[in-house]
1. Expressed as an acute angle from 0 to 90° and rounded to the nearest 10, what is the orientation of the C-alpha long axis of helix 93-102 relative to the principal long axis of the chain?
2. In the P(r) worked out for the range 48-128, what percent of Cα pairs fall beyond 19 Å?
3. Using Cα centres only, tell me the gap between the range 68-95 and the range 99-133 in whole Å.
4. So what's the angle, to the nearest 10 degrees on a 0 to 90 scale, between helix 23-32 and the longest Cα principal axis of the chain?
5. Nearest 10 degrees is fine. How inclined is helix 3-17 to the longest principal axis of the chain, computing both from alpha carbons?
């Protein structure tokens, strides 16, 4: 993996965290740089960006001041996803992360080719969200 790809991954994560990039912009940038997916792990405060050849780069994320709840509440997670998709007034990625962590989400994986995100809890509960067209 070259430095420009590592820089793109870092730029996309920071763009999410400071709300300077939307999810579609992030996905487009990562795909253009040859990534096929990424995973966010709230418990480790890390993001890993994967290429089809098996190469990956890990980037440290912000660490919200909340713990991942024990119970996985799909309804709250789905509501937070809808707010993110609609960019409702006051939306922030930090707020999104805090909300879904409080709803028991330990992390999520986004697959560009699969056009889906899989949110998972501490006990491996899952919610599959298909990416909008």
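What follows draws every value from the coordinates through simple rules; no lab data is involved. Fair warning: this is a prediction, and the values are worked out from it, not measured in the lab.
1. That works out to roughly 50 degrees.
2. Result for the distance tail: 43 percent.
3. 11
4. The two axes meet at around 30 degrees.
5. Computed tilt is about 20 degrees.
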